Amino acid sequence: MDITTVNDRHLYQGRVVVRDPADPSRALELVGRVVRFGPAGWLTVVAGMSDDAEIELYPTDRVLAVTDLREVAGAGR
């Protein structure tokens, strides 16, 4: 599945910090991820734009930071 199937065309690449699902007292830093703000209340994160890349959804209350954003060129085409 393609990340644009789950969410529209507005994709960004950046650094994401989320609470660790296994241990909420720890933070996980995800560098160089493709992100989409949505669906409502969620952040969609994927490691790359390959067809086999795993898509992860994080509820916004577990997202600690999203930084170093830049738009992904040609996304959704």
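The values are calculated or read from the model by the stated rules, or taken from the named source; none is laboratory data. What you are looking at is a predicted structure, and each value in this text was computed from that prediction instead of being measured. When we count neighbours, we look across all protein chains shown, and the Cβ atoms used for this are built from the backbone with ideal geometry, even at glycine. Remember, those area values only see protein heavy atoms, side chains included, never the ligands or the DNA or RNA. Shrake-Rupley method; radii C 1.70, N 1.55, O 1.52, S 1.80 Å.
Against the condition out of contact with any strand residue (DSSP E or B) (no Cβ under 8 Å at 6 or more places or on another chain), surrounded by fewer than 16 Cβ atoms within 10 Å (Cβ to Cβ) and either modelled with pLDDT under 90 or of a type outside the set (Phe, Trp, Tyr) (or both), how does Asp61 come out, does it pass?
yes
Return yes when Val35 is open to solvent by 80 Å² or more (accessible area, probe 1.4 Å), out of contact with any Cys (no Cβ under 6 Å at 6 or more places or on another chain) and of a type in the set (Val, Ile, Thr) and no when it is not.
In short, no.
Can you tell me which residue in the stretch 64-77 is surrounded by the fewest Cβ atoms within 10 Å (Cβ to Cβ), limited to those that are in contact (Cβ under 8 Å) with a residue 24 or more places away in the chain, of a type in the set (A, V, I, L, M) and over 14 Å from Val18 (Cα atoms)?
This residue is Leu69.
Could you check, for the stretch 9-18, whether at least one of its residues is at pLDDT below 95 and exposed (fewer than 14 other Cβ atoms within 10 Å of the Cβ)?
Looking through the stretch 9-18, at least one residue is at pLDDT below 95 and exposed (fewer than 14 other Cβ atoms within 10 Å of the Cβ).
Just to be sure I understand, how many residues within the stretch 41-53 are open to solvent by 70 Å² or more (accessible area, probe 1.4 Å) and farther than 15 Å from Leu11 by Cα?
So the count comes out to 2.
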